[in-house]
Amino acid sequence: MFEPPPASPDTAPAARRFTARFQSFDTGGDGRSGGARLAALRAELARRGVQGYVIPRADAHQNEYVAPSEERLAYLTGFTGSAGMGIVLPEQAALFVDGRYTLQAAAQIDGTAFGLVPLARTSPESWIEKHLPKSGVLAFDPWRTTLDGRDKLSAAVSAAGGMLVALEQDPFDAIWPDRPAAARAPVRLVPDALSGEASAAKLDRVRAALGDAKVNLALISDPHAVAWLFNLRGGDVAHTPIALAWAIVPAEGRPVLFLAANQVPASIRPILEAVADIAPASALEAELARRASGKTVRLDQATAPVQLACIIERAGGTVAKGADPCALLKAVKNPAEIAGMRAAHERDGLALARFLHWFSISAPGNLTEIDIVEALETFRREGGGLNDVSFPTISGAGPNGAIVHYRVTRETNRALQTGELFLVDSGAQYDEGTTDVTRTLAVGTPSAEMRVHYTLVLKGHIAVSRAVFPEGTTGAQIDPFARQFLWANGLDYDHGTGHGVGAGLSVHEGPARLSKLGHVALKAGMILSNEPGYYRTGAYGIRIENLVLVEPRHPGGDRPSLGFSTLTLAPYERSLIETALLTPEERTWIDTYHAEVAARLAPKLDPGAAAWLLAATAPLG
């Protein structure tokens with residue numbers, strides 16, 4: 001689906017100059033200002049007669065990546081991770097983060113102003129029950145709190161003997177004087193060759209699902225679902241090509257697509273208007289109220305804001321909680337989307353091979369974590385078709401590799417050191433699709449302990465890759481495949497084994513995932529990550545990640561079965577593989593995978609990179 005660029009000369013690759021256009025190395029949040037900003041928020045809450053406030057790391061669509069104008073939690077606390085929650089009370093304030101972000105949050109926030117609370121130990125709800133004063137009023141933002149989130153807060157506040165109220169006017173409007181303006185980018189259409197299905201056909205499938213559920217209409221609040229449904233892409237947030245759009249889809253009749261004014265170019269407006277009415281986003285509340293009167297409206301309780309439910313109920317409608325009707329349909333890729341994802345991974349594989357060849361010559365030298373980010377992005381840009389990175393590259397040298405979602409800044413930038421491990425987790429948004437890949441590299445000669453731990457992680461990665469399982473199997477049932485060898489040695493990791501990935505959409509896509517909480521059955525056509533890891537705080541991190549496609553398998557027997565086909569094309573770190581710990585079957589799997597990597601990529605590389613790749617993918621022996 002694409003022609004590789006001409007082979008570039010391979011002379012003196014270590015002397016090249018690189019740049020990053022899609023990733024900033026600024027700190028982002030300002031933890032040093034946390035105390036003053038916290039005092040300002042408390043004063044504003046007191047003025048409104050409430051004792052506490054909940055600050056989710058979210059926008060009205062529950063996006064993972066949000067616009068700078070929506071970064072309330074970062075503004076208040078200094079924490080810049082992609083998931084978290086703050087709770088402010090008169091005498092206490094807490095920041096809740098999961099295991100991915102505990103080290104990062106500890107380094108970013110003012111510990112005298114905010115208590116850091118790991119979610120694995122204490123939930124926000126149990127903290128509220130313990131700390132909210134009796135008869136205290138806790139407020140939340142109804143545009144940035146989901147129905148599920150509101151219900152959990154309500155139960156906790158009730159147990160504490162307090163009252164939960166919605167603040168429709170954002171208190172941050174009063175305390176954030178230099179807040180960035182919201183920006184909207186023009187939308188574009190996905191070519192038919194990549195979408196594989198016309199919007200009209202997708203709408204028919206969604207309408208059929210609504211009819212089966214006996215609801216009159218659905219409010220689609222997830223911009224990724226709107227993008228998939230209308231074969232639409234945008235640029236309203238970083239790293240994910242979406243527009244911050246809403247849609248009302250009736251079981252019968254024309255849908256309404258809500259976008260910011262002037263966001264639809266004249267050239268594509270007639271194409272969109274052939275399947276939907278287009279309205280400004282400012283008209284959403286009035287149009288939803290008009291259509292909801294006397295009707296049953298589907299809302300996804302896990303992603304839809306409370307405010308939408310209030311609008312429906314005030315208009316005399318009934319909220320029917322249920323999963324977004326697009327979510328599962330979007331997760332199962334069609335043949336055109338799969339072909340696009342394969343092409344994107346071949347394009348990415350070429351960039352990775354050139355990068356890894358350069359790294360093998362250049363490291364450690366005087367390289368830093370930022371140098372690696374800039375180099376990898378440059379190799380991807382030179383391959384053509386790169387629209388963005390799919391998330392900020394995780395470039396962790398030595399102990400920084402143990403921070404699961406580490407994002408290097410100019411303040412934390414660390415030089416590579418001989419004898420350390422280097423973890424690089426990165427991805428790209430290409431014309432054809434989305435990638436996400438992690439490799440752990442040795443800088444110099446690794447220790448025996450590093451080799452053992454890497455190989456235990458690799459064995460789990462291979463176990464998932466080789467798994468064959470009956471239809472109906474969930475991600476929670478696959479997750480232990482990846483952990484079994486770590487568990488046998490008293491080790492584990494605090495994140496899921498895999499997440500869904502969109503086709504030219506979000507690098508983190510539901511509803512399926514490989515984790516202890518992955519209760520959705522895997523289906524042929526889903527694409528997920530396979531990324532077990534091990535992290536030794538203060539020393540190093542290990543993670544190995546490929547993207548895999550769920551495909552039918554035919555092992556015999558009387559039950560339909562599924563398995564995984566690997567999309568990612570990148571060699572493993574040979575110097576970290578302790579071959580004595582591998583079974584013959586595991587060695588064969590690695591050799592077969594490496595042979596495919598070499599066959600697909602080497603003919604399209606310049607001689608120097610091709611020679612390096614052939615050596616990196618030679619049989620283990």
Practice task
Being over 30 Å from LEU284 (Cβ atoms) and either touching a Leu at 6+ places or on another chain (Cβ under 8 Å) or surrounded by 15 or more Cβ atoms within 10 Å (Cβ to Cβ) (or both) is the filter here, so list the residues in segment 126-155 that pass it.
Solution key: TRP127, ILE128, GLU129, HIS131, LEU132, PRO133, GLY136
Problem - Odd one out for THR303 among (1) part of a helix (DSSP H, G or I); (2) in the same structural domain as ALA251 (by the TED database); (3) of a type in the set (Ser, Thr, Tyr) - result: (1)
Handout entry: Qualifying position, being over 30 Å from LYS333 (Cα atoms), assigned to a loop (DSSP other than H, G, I, E, B) and in contact (Cβ under 8 Å) with a residue 40 or more places away in the chain, among ARG179, ARG150
Key = ARG179
Practice task
Looking only at segment 151-201, count how many residues are under 22 Å from PHE258 (Cβ atoms) and among the β-branched types (Val, Ile, Thr).
Solution key: 2
Handout entry: Yes/no for GLY496 being on the phi > 0 side of the Ramachandran plot and in the same structural domain as LEU605 (by the TED database)
Key = no
Practice task
Determine, yes or no, whether LEU194 is out of contact with any Cys (no Cβ under 9 Å at 6 or more places or on another chain) and farther than 27 Å from GLN23 by Cα.
Solution key: no
Exercise for the section: Take PRO9 and decide whether it is within 22 Å of SER360 (Cα to Cα), surrounded by fewer than 12 Cβ atoms within 10 Å (Cβ to Cβ) and either at pLDDT below 85 or of a type in the set (Ser, Thr, Tyr) (or both). Expected result: yes
Exercise for the section: Could you tell me which residue of segment 375-399 is surrounded by the fewest Cβ atoms within 10 Å (Cβ to Cβ), considering only residues that are under 21 Å from the mean Cα position of the chain (by Cα) and under 11 Å from PHE355 (Cα atoms)? Expected result: GLU377
Problem - Count of segment 532-574 residues which are in contact with a helix residue (DSSP H, G or I) (Cβ under 8 Å, 6 or more places away or on another chain) and more than 17 Å from TYR593 (Cα to Cα) - result: 12
Practice task
Sort out which residues of segment 420-474 are farther than 24 Å from TYR535 by Cβ, surrounded by fewer than 23 Cβ atoms within 10 Å (Cβ to Cβ) and charged (D, E, K, R), and write them in order of number.
Solution key: ASP431, ARG466, GLU471
Completion exercise
Taking segment 494-526 and keeping residues farther than 28 Å from ASP431 by Cβ and of a type in the set (Ser, Thr, Tyr) leaves THR497, SER515
Problem - From the options GLU374, GLU432, GLU420, GLU449, residue that is more than 26 Å from TRP589 (Cα to Cα), out of contact with any Gly (no Cβ under 6 Å at 6 or more places or on another chain) and not small (Gly, Ala, Ser) - result: GLU374
Exercise for the section: Would you mind telling me which numbered condition in (1) touching a helix residue (DSSP H, G or I) at 6+ places or on another chain (Cβ under 7 Å); (2) surrounded by 15 or more Cβ atoms within 10 Å (Cβ to Cβ); (3) hydrophobic (A, V, I, L, M, F, W, C); (4) more than 30 Å from ASP26 (Cα to Cα) ALA159 fails? Expected result: (2)
Practice task
Identify all residues within segment 552-574 that are surrounded by 15 or more Cβ atoms within 10 Å (Cβ to Cβ) and not in a loop (DSSP other than H, G, I, E, B); write none if there are none.
Solution key: ARG553, SER561, LEU562, GLY563, PHE564, THR566, ARG574
Practice task
Considering only segment 349-374, state which residues are in contact with a Ser or Thr (Cβ under 7 Å, 6 or more places away or on another chain) and either surrounded by fewer than 24 Cβ atoms within 10 Å (Cβ to Cβ) or farther than 26 Å from TYR540 by Cα (or both).
Solution key: PRO364, GLU374
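The values are calculated or read from the model by the stated rules, or taken from the named source; none is laboratory data. The structure displayed is predicted, hence computed values, not measured ones. Every residue, glycine among them, receives a Cβ derived from its backbone with ideal geometry; neighbour counts consider all protein chains shown.
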